[in-house]
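Data first, discussion second: the structure below is written as structure tokens.
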Amino acid sequence: MAVVNANYLKLKAGYLFPEISRRVNHFLKDHPDAPLIRLGIGDVTEPLPAACREAMIKAVEEMGDRATFKGYGPEQGYSWLREKIAAHDFQARGCDIDASEIFISDGSKCDTGNILDIFGDSNKIAVTDPVYPVYVDTNVMAGHTGEANDRGEYAGLVYLPITAENNFTATLPSDPVDLVYLCFPNNPTGAVASREHLQAWVDYARTHRAILFFDAAYEAFITDPAIPHSIYEIPGARDCAIEFRSFSKNAGFTGTRCAFTVVPKGLKGYTPSGDAVDLWSLWQRRQSTKFNGVSYIVQRGAEAVYSPEGQTQVRQLVSLYLENARLIRDRLSKAGMAVYGGVNAPYVWVKTPNGMSSWDFFDTLLHTCYVVGTPGAGFGAAGEGYLRLSAFNSQANVIEAMARVVATLG
Ligand SMILES: *Cc1c(COP(=O)(O)O)cnc(C)c1O
């Protein structure tokens, strides 16, 4: 008898995006010609930067020539890519991160899930509420939780609410936790963390010998020079933090797939009896056993992000989405809505009007404006009363969507 991983049966069966699709499809059946504008799912819409395309085309040609063909590459990624990442993304910001501490992968989604392989089963785990659902579901799959209650909260996890009332800044847990997921700029709220807030987390983690999982997938959207882009800008973070980065949102690699994880050398976890264990070595062992590296072609595409042309093109992409976010904020706040995020992030977190529920507001936007958002409640109980609008669309669509919403609400 083949026994399944029963932890999977605890999962709330992929509730959010399937439910959105169900409602949208139901609506489209009755209104097949409705000019729907989707500001829901967090996927980019603009094409790949020319510098990345050109580098990948050249790499394809190299793969077609026996003299330059590449087979398996290093599991950790090619050093020419890791050197550029270390120099541009970290050393240029004063972070003491070396190329040897960077692990190239095919996505931050997998990395944030896979990282649990090197940690034990007895850790106390904290997530924000609302939260990127991957952090929670991967812990459920790994057997780190009990069952979910009717608010969708899993027994055993520590939920840290982030709402307008606390300025989207979690209060540090009063009881010690061992693993903490932080995502800044935040998906879904678009909030950012100040240096002081991150310093408080680093101090907390060092006191409790905890590890921070810092997801910086949206760092390229930071416009405020006072906001740190990397956790390693915070003194002490090398002793307590693993950082996840991705080319998905800055360079439009959601369909191309390249990301990386930073594990500082000397970062320690512990055996149950309290002996220190080097986490870099465990992650290196994990990756070289279960992963065979990212395609040479894609790594050349990612490398081109750091060329002068690539940097200019990525900045243009990010500016386009940030201008969309500004338009969303501007139009909705002029119409009297409370809006958050969208300044250092491609997401605007909208307070539903008149105390409407997330799903009722979602339905109103769908049926009266033909605009698809994402109900905040789908990201956690504390997301109730909010709706996420994504800036990933054309400017024309964003302007049209906002005109419809303002005409309805204004
Ligand atoms: C989009 C996103 C990522 C990136 O995931 P990839 O697998 O690299 O495409 C990571 N974290 C969050 C919170 C995201 O929204």
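The values are calculated or read from the model by the stated rules, or taken from the named source; none is laboratory data. Quick caveat: nothing in here was measured; it's all calculated off a predicted structure. Here the Cβ is made from the backbone with ideal geometry for all residues, glycine too, and neighbour counts use every protein chain on show. Ligands, DNA and RNA are stripped out before the accessible areas are found, and what is left, the full protein with its side chains, is counted by its heavy atoms. Shrake-Rupley method; radii C 1.70, N 1.55, O 1.52, S 1.80 Å.
Observations
- Elements of type strands (runs of 3 or more DSSP E) in the range 186-282, at least 1 residues being in contact (Cβ under 8 Å) with a residue 24 or more places away in the chain: 211-215, 241-246, 259-262, 268-270
- Where strands (runs of 3 or more DSSP E) fall entirely within the range 312-410, none has at least 2 residues that are surrounded by 16 or more Cβ atoms within 10 Å (Cβ to Cβ) and modelled with pLDDT under 95.
- Breaking point among (1) over 19 Å from the mean Cα position of the chain (by Cα); (2) outside any loop (DSSP other than H, G, I, E, B), for ASP175: (2)
- Scanning the range 389-410 for residues being touching a Gly at 6+ places or on another chain (Cβ under 6 Å) and not aliphatic (A, V, I, L, M) gives a total of 1.
- Residues being charged (D, E, K, R) and either in contact (Cβ under 8 Å) with a residue 40 or more places away in the chain or not assigned by TED's automatic domain parsing to the domain that holds ASN393 (or both) - total across the range 351-375: 2
- Count of the range 135-156 residues which are open to solvent by 20 Å² or more (accessible area, probe 1.4 Å), within 30 Å of ALA325 (Cβ to Cβ) and not in a loop (DSSP other than H, G, I, E, B): 2
- Restricting the range 163-195 to residues that are modelled with pLDDT under 95 and charged (D, E, K, R), the residue that is most open to solvent (accessible area, probe 1.4 Å): GLU165
- Candidate set: the range 221-278, residues that are open to solvent by 30 Å² or more (accessible area, probe 1.4 Å) and among the hydrophobic types (A, V, I, L, M, F, W, C); chosen: the one farthest from the ligand (Cβ to nearest atom): ALA276
- Of the residues screened, ASP203 is not one that is in contact with a Cys (Cβ under 6 Å, 6 or more places away or on another chain) and either assigned by TED's automatic domain parsing to the domain that holds ALA126 or open to solvent by less than 20 Å² (accessible area, probe 1.4 Å) (or both).
- Of the residues ASP106, ASP89, the single one that is in contact with a Cys (Cβ under 7 Å, 6 or more places away or on another chain) and within 16 Å of the ligand (Cβ to nearest atom) is ASP106.
- Some residue of the range 342-350 being more than 23 Å from SER319 (Cα to Cα) and assigned by TED's automatic domain parsing to the domain that holds SER319: no
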